[in-house]
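Structure record follows, encoded as structure tokens.
Computed from the coordinates by the stated procedures, all read-outs in this text should not be read as laboratory data. What you see is a predicted model, and the numbers here were worked out from it, not measured in a lab. Heads up, the Cβs are rebuilt from the backbone with ideal geometry, glycines too, and the neighbour counts pull from every protein chain shown.
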Amino acid sequence: MIGRLIGVLALKRAPQILIDCQGVGYELDVSMSTYYQLPAEGESVSVWTHLLIKEDQHSLIGFYTEQERKMFRLLVKVNGVGPKMALTILSGISEFDFALCIQSGDVSTLVRLPGVGKKTAERLIIEMRDKVEGLALNASPSLSASNPVIGQSTYTSEAIEALQSLGYKPADAARMISKVLQASPQGSAEDLIKLALKNAIS
């Protein structure tokens, strides 16, 4: 079991990254919450990992904090929630806010996340309410985003592609990014994605 990787962040392309560990490159899928907190390409990085084993492939999921990994592992144990949906949930809402939604039974906020319907939201609350109390206390309510400078045409398309990979339809992803650009035309791909996801649940 690969539980943690320490190396150089060789590539960032939301929602995937590549970490060079002494000449061996590990590809990982990450939530946008983790992606926001990663350093710039070429810098040292340490991430917690979860190994997914399927019949046709093995893949790694990366997490900036151990708390996020714990939340991911709780999520995938819920009936009907797979790894992709778990990452989408963690991309659209912080661990802290998610735990608060579960504890307070806030269905209306949960259903704003892509792929989460009312039945799934209710199931999350029922199955996770007793499990997230400790995570709610330890999770951080804020994220620190890194902002590499990218050309506008590049970061706009990258942001739209990232939203599509999280489950949004192409037209919806484009509309979300367009709305963000109208309010704040300057920033990085990470800024666009973060604001679009924030607007989606606000």
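In nm, what is the difference between 0.36 nm times the number of residues separating D56 and S44 and their Cα-Cα distance? Intermediate values should be presented prior to the final figure.
Details: separation 12, 0.36 × 12 = 4.32 nm, distance 3.13 nm.
Length difference between fully extended and current span is 1.2 nm.
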- Query: Can you pull the semi-axes for the range 6-111, root of five times each eigenvalue of the Cα gyration tensor, sorted largest first, whole Å?
  - Reply: 26, 16, 10
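Between rounded, prolate and oblate, where does the range 58-104 land on the alpha carbon gyration tensor, with a ≥ b ≥ c its root eigenvalues, rounded for a/c under 1.5, else prolate if a/b exceeds b/c?
Working: a/c = 1.89, a/b = 1.31, b/c = 1.44.
Oblate, since a/c reaches 1.5 and b/c is not below a/b.
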- Note on the structure: the range 4-63, Kirkwood Rh and Cα Rg, ratio Rg/Rh at 0.95
- Query: Add -39500 (n - 2.57) for each DSSP H run of 4 or more in the chain, then divide by its residues: what number comes out at 222 nm, to the nearest 500 deg cm²/dmol?
  - Reply: -14000 deg cm²/dmol
- Message: Taking 8 Å as the Cα distance limit and 6 or more residues as the minimum spacing, I'd like the relative contact order of the range 1-102 as a percentage.
- Response: 24 percent
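Normalised by the number of residues in the chain, what is the relative contact order in percent for Cα pairs under 8 Å and 6+ residues apart?
Values: 325 pairs, mean separation 38.8, N = 202.
Contact order relative to length: 19 percent.
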- Report P(r) for the range 66-138: all Cα-Cα distances, bin width 10 Å, range 0 to the bin holding the largest distance, values in whole percent. 22, 65, 12
- Note on the structure: Taking N as the residue count of the chain, its alpha carbon Rg divided by 2.2 N^0.38 Å gives 1.00
- Task: Could you work out the equivalent-ellipsoid semi-axes for the range 152-201, taking the square root of 5 times each eigenvalue of the Cα gyration tensor, largest first, in whole Å?
- Result: 15, 12, 9
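Which entries in the list K84/K198; K70/K169; K118/K198; K131/K169; K70/K179; K12/K194 go over 25 Å, if you measure between the two C-alpha atoms of each?
Numbers: K84/K198 19 Å; K70/K169 29 Å; K118/K198 20 Å; K131/K169 32 Å; K70/K179 33 Å; K12/K194 15 Å.
Those over the limit are K70/K169; K131/K169; K70/K179.
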- Message: Between Q182 and I6, what is the label-point separation in nm under the 7 Å Cα-to-beta-carbon projection?
- Response: 4.8 nm
